[in-house]
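Chemist: Please see the structure below; I have some questions.
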Amino acid sequence: MGYMSAILKSKSVDKWELMADCCRKSFKRFVQCFWEEIPGVGKLAWNWHLDVFCEELQEVAERVFVSQPKEYDLVVNVSPGTSKSSFFSILFQPWTWTRMPQARHLASSHTENLVLDHANKARSVVKSEKYRACFPEIVLAGDSAGSFSNTLGGERRSFTVGGKSPMGFHGVFLICLPW
């Protein structure tokens, strides 16, 4: 019997609390637990570059969580079909809310269809039964096309190059998807 199975069988720990604790501490664990909550996603085939995505995003976020200045802008330049959108634009925002529910995200892309699709998929993760069981404190409040917020002050707003402008909005995390 594995360590986790033994803990769960002891009934002294709720499985959702245990999952939530593991996911809060690790973006990688969050991705592995919540991948299937992304609508229409295929099976997760883990590769070394996904470890790099998780490590880099976690490092950037950890500095924000403790109010330290950024050390660099993270730029990712890899081939299409390597799960960039799923990690950076869909799963990262719901994960940051588990640690910093008041985090504001500004997400942009070159087309409105793409940025709205990513926002809808991120919203679906937050609305999923699994996410609500693990993080019941995160409750969606405002909801419009491409934008949504939670009752604790967190937001996700979507913008396009030639459409909606981010002027006047302030984000803690800025995600720009030129692909």
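The values are calculated or read from the model by the stated rules, or taken from the named source; none is laboratory data. For clarity, every value in this text was computed on a predicted model and none was experimentally measured. Every residue, glycine among them, receives a Cβ derived from its backbone with ideal geometry; neighbour counts consider all protein chains shown. Remember, those area values only see protein heavy atoms, side chains included, never the ligands or the DNA or RNA. Shrake-Rupley method; radii C 1.70, N 1.55, O 1.52, S 1.80 Å.
Chemist: Mind listing the phi-derived Karplus ³J(HN,Hα) values for segment 86-96, rounded to whole Hz, using 6.51, -1.76 and 1.60 with θ = phi - 60°, and x for any glycine or proline?
Modeler: 4, 7, 7, 9, 10, 8, 4, 4, x, 5, 4
Chemist: While we're here: Which pairs break 21 Å Cα to Cα here: LYS43/LYS121; LYS84/LYS121; LYS15/LYS130; LYS84/LYS130?
Modeler: LYS84/LYS130
Chemist: Additional query: Among the trypsin sites (Lys or Arg not before Pro) within segment 19-54, which fall in a DSSP loop and have no more than 14 other Cβ atoms within 10 Å of their own Cβ?
Modeler: Of the trypsin sites (Lys or Arg not before Pro), the ones in loops of segment 19-54 whose Cβ has at most 14 other Cβ atoms within 10 Å are LYS43.
Chemist: Quick one: grab the alpha carbon gyration tensor of segment 7-89, order the square roots of its eigenvalues as a ≥ b ≥ c, and give me rounded if a/c is under 1.5, else prolate or oblate depending on whether a/b is larger than b/c.
Modeler: It comes out oblate by the Cα gyration axes.
Chemist: At a Förster distance of 25 Å, what's the computed FRET efficiency of VAL76 paired with LYS127, Cβ-Cβ distance as r, to 0.05?
Modeler: 0.40
Chemist: Counting only residues 5 or more places away or on other chains, whose amide H sits under 5 Å from the amide H of PHE159 once H atoms are built in the peptide plane?
Modeler: HN-HN under 5 Å from PHE159: ALA107, SER108, SER109.
Chemist: Sticking with this one: Can you compute the helix-only [θ] at 222 nm over the chain? Use -39500 (n - 2.57) per DSSP H run of at least 4 residues, normalise by all residues, nearest 500 deg cm²/dmol.
Modeler: Value at 222 nm, helices only, nearest 500: -12500 deg cm²/dmol.
Chemist: What Kirkwood hydrodynamic radius do you get for segment 40-179 when you take the inverse of the mean 1/r over all pairs of distinct Cα atoms, in Å?
Modeler: 15.5
Chemist: With an 8 Å Cα cut-off and a minimum separation of 6 or more residues, compute the relative contact order for the chain in percent.
Modeler: Relative contact order comes out at 24 percent.
Chemist: At 1.4 Å probe size, put LYS15, LYS130, LYS84, LYS70 in order of accessible surface, largest to smallest.
Modeler: These residues rank, largest area first, as LYS70, LYS15, LYS130, LYS84.
Chemist: Send over a whole-number figure in Å² for the accessible area per residue of segment 75-116, probe 1.4 Å.
Modeler: Roughly 39 Å² per residue, with all protein chains present.
Chemist: For SER149, what charge total do you get from the other residues with a beta carbon under 12 Å from its beta carbon, if Lys and Arg give +1 and Asp and Glu give -1?
Modeler: +2
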